[in-house]
Amino acid sequence: MLALRSAPPVFGVAEAERIARDVYGLAVSLWPLSGERDCNFHIRTADARNYVLKIVDGAADPATTDCQVRVLRHLAEQDPSLPVPRIFATQLGADLGQTEQDGRTYATCLMGYLPGRLLAETKPSPPLLRNIGETLARVDRALRGFFHPALAQRIAWDVRRLPELMEFAPYIEPGGVRQAVEEVVLELKERLPAIRGLPAQAIHGDCHPANLLIDASGSTVCGVLDFGDMIHAPAVLEPAVAMSELLTDALVQPDDLGAVLDGYARLHTLAAADVDVLYDLVAGRHAATIVLHAWRRRHDAKGAGLLDRAAANAAASLARLRTIGRASLTRDWHAAAGTGVSALVEVDVSRRHRLLGAGAELFYDKPLHLVRGDGVWLYDAEGRAYLDVYNNVPHVGHCHPAVVRAIQRQTAILATHTRYLHENILEYAEALTSRCPSHLDACIFVNSGSEANDVAWRMAQFVTGHQGALVMAHAYHGITDAVAALTPASGTVDPRVATLTPPPAALRADDSMGEGDLGAVTEDADLAIYTLAARGFAPAAFFIDSALTSSGIHDPPPAWASTVAARVRAAGALIVADEVQYGLGRSGSHFWGFERRGLSRPGLSPDIVTLGKPVANGYPMGVVIANRTLIEAFQAKFGFFSTFGGNPVAAAAGLAVLNVLDREQLMANAQATGDYLRRQLNAAADRHPCLGRVRGAGLLLGLEIHGPDVHAAKKRTKKIVNALASRARVLIGAEGPLANILKLRPPLPFLREHADLLVRAIDAAATAIDARASS
């Protein structure tokens, strides 16, 4: 495939002078020019005429060389004012000449020399970028009627062939860049049918900054060079290549690219379907640069050197494009091309009320119509990007390609239940239990965290023979009838349930607790147990959300939880760790939240662990982990079975989540980014009277909002949440018994750059509140 080679023929100045004299009848002075696959010389005659002598790569297909000559003849006929080279014949009147070296024959070509400086050597202004687009459009308009069999040549730079290069993906370093390239290729493959269906024609296909010349004013293209990579392809690939290469040469920022598209669309009409795939073509060209560089590093060190800078820039630019997101860029490019945004479906809120009930909850004063997710970003129907700092369901990021692939692959093979044998569910159960204390060695699979807590509650009552429950004040454990009783946050009051007081908000995980503090914790637990006894109940279980989220997002030292656990265990209760919020590494310090709470020691470790939401990154699944003896006794008594629980697709998704957590080191990222975000939030709190204490750890943090009174604090919290959504396009929530805590719980790929966006948005909202308070 062309472009995996990079070494041009080697001819010296003396040999080039001989060719100019013998083949073209020219007495000249000459200087070498660069060339990826051909040997080129700038030649000047005694009467000051300037030409380019090209000695063609000996491995080149003669049909491709013939195509280059014919296309330049065609362009001269169709648009004589186009700034492209003109062909000059040999002394015998032929378009191509011949020369020999070491018994091998090479084709030669003489073309007019185009003066100007390379675009690669300048910083293009918006007018120049538009002119680049216009020039490319003029070339493509002139090429509309041109055809040659060589236009079907296989060129590695053609992004439609990028999947063919992925056998070389293991050569790419570092691993993060390799993963980004793999994800680009996955997305490109999905859109290749649409790309192949676009209007196609002959295009230049390689208008990078070293193939474009700029005049002395710096505002106009005065030369389009090197038609050796011409192909028959969708016309939109022409501006896509230029846009991508401008980024690869670090000449522009993504926001600047619309000017190229604007110029192109003025003279060559594009359709919405063309612009819809532009992101894939631009990112695909970046990926091709990275793959080809990786191949050359193994097989062609000299050729790799020519791409070192481009590959590094392509990797950085690809990361930038993915951060901005397809939707945002595509929206801007639609505007630049005049194609408008693809038709949107407006959601009628009254229709929603009619079909779902007016009480169906919606976030934010102005509800969002979200249509797509990617990593830590969500996108609305108009293509606007929102930073997601709230949803823990997409634990490893929205639509993570590895999880999506796992679900797609298994859905296409088998989706049934656990009454048949299947390897997936066994592998997943082993993977989960291997991360737990040794006594937690078996699983029951259901469809949600609520169901998992429901099963845990039934198991606890069955094992202990008790009917009472202990939970934290304002706790949340689910929506089934049984666990609604364990959810005082919903306003439910049940005589079988007693609540414990949350730890002080100021208490941190690394704080020490004195005897007096621990005595107060003991008294509170004993009071809850006594309250149950006074109502005629003994505790069957103590349920604890290990992040103490609904109670206000607390992060007490291990001594606090150990003291509570010891008291409830002494009263005969099982300990159920609800890990829906904090499990799978969200704390950053531990894989399980109960470990951070100090409940991993013998005698204090949970009897049951429950999981939901994030375990399959959005695919419905819940898990109950317990001792095999306990589970088998429960099964024998009740014959428990869940139709969809533990189906092979859910298990495949769960396994993919665990693999991504390990491969991308997301628990370590949760700690590093969480620590950084905490420091930035503390700094913001120092700047604003309305901001208070930062709570929590890892990537589950809370920020207290202050006000003159409880009502004002709650109102301010709501204002900030809504302001961030509508103005900054940052999504957070509110939490706590007084609803005065900003709840910050993003997907785990959340990075420092995202934390900075969040803190800037909070800063702006707090500034507005402080200004109103002082006026």
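The values are calculated or read from the model by the stated rules, or taken from the named source; none is laboratory data. Just so we're clear, the structure is a prediction, and the values are computed from it rather than from any experiment. Cβ sites come from the backbone with ideal geometry, for glycine too, and all protein chains shown count toward neighbours. What goes into the accessible areas is simple: the full protein's heavy atoms, side chains included, and nothing from ligands, DNA or RNA. Shrake-Rupley method; radii C 1.70, N 1.55, O 1.52, S 1.80 Å.
Selection of the stretch 561-595 for residues being open to solvent by 10 Å² or more (accessible area, probe 1.4 Å), part of a helix (DSSP H, G or I) and under 24 Å from Ala739 (Cα atoms) yields an empty set.
For the stretch 479-506, a tally of residues being open to solvent by less than 30 Å² (accessible area, probe 1.4 Å), touching a helix residue (DSSP H, G or I) at 6+ places or on another chain (Cβ under 8 Å) and either part of a loop (DSSP other than H, G, I, E, B) or not β-branched (Val, Ile, Thr) (or both) returns 6. Exactly one residue among Arg352, Arg285, Arg320 is touching a helix residue (DSSP H, G or I) at 6+ places or on another chain (Cβ under 9 Å) and surrounded by fewer than 21 Cβ atoms within 10 Å (Cβ to Cβ), and that residue is Arg320. Checked against the criterion of being basic (Lys, Arg) and under 28 Å from Pro115 (Cα atoms), the candidates Arg266, Arg285 yield just one match: Arg266. For the condition aromatic (Phe, Trp, Tyr), modelled with pLDDT of 95 or more and closer than 18 Å to Ala469 by Cα, Phe594 does not qualify. Selection over the stretch 604-653 of residues that are part of a helix (DSSP H, G or I) and either within 19 Å of Ala577 (Cα to Cα) or among the β-branched types (Val, Ile, Thr) (or both) gives a count of 10. Which residue out of Gly674, Gly692 is touching a residue at least 60 places away in the same chain (Cβ under 8 Å) and open to solvent by less than 30 Å² (accessible area, probe 1.4 Å)? Exactly one of Gly674, Gly692 is touching a residue at least 60 places away in the same chain (Cβ under 8 Å) and open to solvent by less than 30 Å² (accessible area, probe 1.4 Å), namely Gly674. Scanning the stretch 40-71 for residues that are crowded, with 19+ Cβ neighbours inside 10 Å and either part of a helix (DSSP H, G or I) or touching an Asp or Glu at 6+ places or on another chain (Cβ under 6 Å) (or both) gives Lys54, Val56, Asp57, Thr64, Thr65, Cys67, Gln68, Val71. Applying the criterion of being part of a helix (DSSP H, G or I) and β-branched (Val, Ile, Thr) to the residues of the stretch 529-548, the residue that is farthest from Asp454 (Cα to Cα) is Thr531.
Applying the criterion of being small (Gly, Ala, Ser) and not in a helix (DSSP H, G or I) to the residues of the stretch 710-734, the residue that is most open to solvent (accessible area, probe 1.4 Å) is Ala734.
Quick grid of which residues meet (1) within 30 Å of Ala337 (Cβ to Cβ); (2) open to solvent by 20 Å² or more (accessible area, probe 1.4 Å):
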| residue | (1), (2) |
| --- | --- |
| Ala94 | no, yes |
| Gly116 | yes, yes |
| Glu121 | yes, yes |
| Asn131 | yes, yes |
| Ala142 | yes, no |
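Condition check: in contact (Cβ under 8 Å) with a residue 12 or more places away in the chain, among the hydroxyl-bearing types (Ser, Thr, Tyr), open to solvent by 10 Å² or more (accessible area, probe 1.4 Å) and closer than 30 Å to Arg419 by Cβ. Does Thr643 satisfy that? Break it down into steps so the answer makes sense when it comes.
On the way: in contact (Cβ under 8 Å) with a residue 12 or more places away in the chain: yes; among the hydroxyl-bearing types (Ser, Thr, Tyr): yes; open to solvent by 10 Å² or more (accessible area, probe 1.4 Å): yes; closer than 30 Å to Arg419 by Cβ: yes.
Judged against the criteria, Thr643 is a match.
Look at Leu213 and say whether it is in contact with a Gly (Cβ under 6 Å, 6 or more places away or on another chain) and not in a helix (DSSP H, G or I).
yes
Applying the condition of being free of Cβ contacts under 8 Å to residues at least 60 places away in the same chain and surrounded by fewer than 23 Cβ atoms within 10 Å (Cβ to Cβ) to the stretch 695-709 and asking which residue is nearest to Gly733 (Cα to Cα) yields His706.
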